[in-house]
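K.L.:
First, the structure itself, so that you have it in front of you.
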Amino acid sequence: MDKYLIVGLGNVGDEYVQTRHNTGFMVLDAFAKASNICFEDKRYGFVAETSLKGRKVFLLKPSTYMNLSGNAVRYWLNKESIDQSRLLVVCDDVALPLGAFRLKASGSNGGHNGLGHIQQLIGQQYARLRMGIGNDFPRGMQIDWVLGRYDDEEMTILQPSINTAVEIIKSFVLAGIDITMNQYNKLGKK
């Protein structure tokens with residue numbers, strides 16, 4: 001059976017719930033809810049399992065904190081013998097406006113600490129879905145911005161993109177990265 005690992009980046013703990021840096025967690029929570037599955041506390045993270053048309057899908061929310069996300073990703077790829085081409089990492093991105101998103105087959109970490117640590121451990125050859133959180137912060141205040149919580153108005157803008165991200169994950173598993181990029185990236189421009 002083909003196996004896929006879908007990773008949402010974020011930080012564990014109540015103080016990080018609904019923060020911009022936890023957008024990856026929010027996407028995976030939405031996917032789990034739509035699939036009627038629950039996360040279990042396992043090694044290096046919270047894991048939920050489901051299948052889509054005969055393909056096994058593991059959802060992973062690393063419990064390592066953002067800057068050590070690669071430890072969880074590498075562990076679960078190895079543990080479940082999942083090919084890196086079947087890895088999709090969902091993360092926040094300050095370079096994209098709120099509600100925008102961009103799916104890429106590979107690439108640099110773009111200054112994102114979570115992606116940076118994954119790259120150190122497994123390289124750049126994995127798909128990533130970057131969810132725009134905007135960059136409406138004064139110079140030098142990026143940490144406060146990414147660790148700040150979404151307000152209701154921002155969630156109204158973000159929620160449709162979270163819903164689309166759930167569909168992107170399904171398409172990635174069922175149709176592959178290239179078809180999914182062609183189908184969805186034009187929708188993600190804001």
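K.L.:
In what sequence, largest accessible area first, do 189, 104, 61 appear using a 1.4 Å probe? Write down the numbers at each step before the final one.
P.N.:
Numbers: 189 140, 104 85, 61 25 Å².
Result of the area sort, largest leading: 189, 104, 61.
K.L.:
For volume of the Cα convex hull per residue in Å³, which listed value, (1) 196; (2) 123; (3) 108, comes from the coordinates shown?
P.N.:
Recomputing volume of the Cα convex hull per residue in Å³ here picks out (3).
K.L.:
Something else now. To the nearest 20 Debye, how big is the dipole of the chain about its Cα centre, given +1 on the beta carbon of each Lys and Arg and -1 on that of each Asp and Glu?
P.N.:
Working: 22 positive and 19 negative charges, 152 e Å.
Roughly 720 debye for the chain.
K.L.:
Hey, can you grab everything whose amide H is under 5 Å from the amide H of residue 127? Only 5+ residues off in sequence or another chain; H modelled, so Pro and N-termini drop out.
P.N.:
87, 89
K.L.:
Taking all protein chains together and a probe of 1.4 Å, list 41, 83 from the most accessible to the least accessible. Write down the numbers at each step before the final one.
P.N.:
Details: 41 115, 83 85 Å².
In descending accessible area the options line up as 41, 83.
K.L.:
Short version: ³J(HN,Hα) in whole Hz for each residue of segment 62-79, in order, from phi by Karplus 6.51 cos²θ - 1.76 cosθ + 1.60 (θ = phi - 60°), x for Gly and Pro, what are they?
P.N.:
x, 9, 8, 6, 3, 6, 10, 4, x, 4, 5, 4, 4, 4, 6, 4, 5, 4
K.L.:
When the expected Rg is taken as 2.2 N^0.38 Å, what fraction or multiple of it is the alpha-carbon Rg of segment 1-60?
P.N.:
Working: Rg = 11.8 Å, N = 60, 2.2 N^0.38 = 10.4 Å.
Dividing the Cα radius of gyration by 2.2 N^0.38 Å gives 1.13.
K.L.:
Of 88, 112, 17, which is farthest along the charge dipole of the chain in the positive direction, counting Lys and Arg as +1 and Asp and Glu as -1 at C-beta?
P.N.:
88
K.L.:
While we're here: Name the residue from 187, 141, 173 whose Cα lies farthest towards the positive end of the charge dipole of the chain, charges +1 on Cβ of Lys and Arg and -1 on Cβ of Asp and Glu.
P.N.:
Among 187, 141, 173, the one farthest towards the positive end of the dipole of the chain is 173.
K.L.:
How large is the accessible surface of residue 180 in square angstrom, using a 1.4 angstrom probe and rounding to the nearest 10?
P.N.:
0
K.L.:
Taking the chain as a Gaussian network, Cα atoms linked when under 10 Å apart, which of 175, 95, 165 shows the biggest mean-square fluctuation?
P.N.:
Largest GNM mean-square fluctuation: 175.
K.L.:
Still on this structure, please answer the following. Hey, rough spin-label estimate for residue 2 and residue 163, points 7 angstrom out along Cα→Cβ, what's it come to in nanometres?
P.N.:
2.7
K.L.:
For the chain, with a Gaussian network of springs between Cα atoms less than 10 Å apart, report the residue from 114, 132, 54 with the top mean-square fluctuation.
P.N.:
Comparing 114, 132, 54 in a Gaussian network model of the chain, the most mobile one is 54.
K.L.:
Here's something else I'd like to know. At 1.4 Å probe size, put 40, 80, 153, 167 in order of accessible surface, largest to smallest.
P.N.:
Numbers: 40 110, 80 30, 153 135, 167 80 Å².
Order by accessible area, largest first: 153, 40, 167, 80.
K.L.:
Once Lys and Arg get +1 and Asp and Glu get -1 on their Cβ, which of 126, 37, 59 lies farthest toward the positive end of the dipole of the chain?
P.N.:
Of 126, 37, 59, it is 126.
K.L.:
Given a 1.4 angstrom probe, what's the average accessible area per residue across the chain, in square angstrom? Show your work: numbers first, answer last.
P.N.:
On the way: 9000 Å² over 190 residues.
Per residue, the chain has an accessible area of 47 Å².
K.L.:
Would you mind checking 61/189; 61/190; 79/170; 3/170; 42/104; 79/186 for any pair whose Cα atoms are more than 24 angstrom apart?
P.N.:
Values: 61/189 26 Å; 61/190 27 Å; 79/170 22 Å; 3/170 13 Å; 42/104 28 Å; 79/186 35 Å.
Over 24 Å apart, Cα to Cα: 61/189; 61/190; 42/104; 79/186.
K.L.:
Taking amide H positions as placed in the peptide plane 1.01 Å from N, state which residues far from residue 2 in sequence (5 or more) or on other chains have amide H under 5 Å from it.
P.N.:
For residue 2, whose amide H was placed from the backbone, the distant partners under 5 Å are 56.
K.L.:
Keeping all protein chains in the complex and leaving out DNA, RNA and ligands, what accessible area do you get for residue 74 with a 1.4 Å probe, in Å² to the nearest 10?
P.N.:
Residue 74 has an accessible surface of roughly 100 Å² with all protein chains in place.
K.L.:
Further, regarding this structure: Tell me the carbon and sulfur percent of the accessible area for the chain, rounded to whole percent, probe radius 1.4 Å. Mind showing how you got there, number by number?
P.N.:
Details: 4210 of 9000 Å².
So the carbon and sulfur contribution to the accessible surface is 47 percent.
K.L.:
Do the sum for the chain: with -39,500 (n - 2.57) for every DSSP H run of n ≥ 4, divided by all residues, what is the mean residue ellipticity at 222 nm, to the nearest 500 deg cm²/dmol? If you can, show how the numbers build up before the last one.
P.N.:
On the way: 6 runs with 71 residues, N = 190.
It comes out at -11500 deg cm²/dmol, rounded to the nearest 500.
The values are calculated or read from the model by the stated rules, or taken from the named source; none is laboratory data. Here the structure is a predicted model, which is why all the values come from computation and not from measurement. Neighbour counts are summed over all protein chains in view; Cβ atoms, including those assigned to glycine, are modelled from backbone coordinates with ideal geometry. When the accessible area is computed, the model is the full protein with side chains, heavy atoms only, and any ligands, DNA or RNA have been set aside. Shrake-Rupley method; radii C 1.70, N 1.55, O 1.52, S 1.80 Å.
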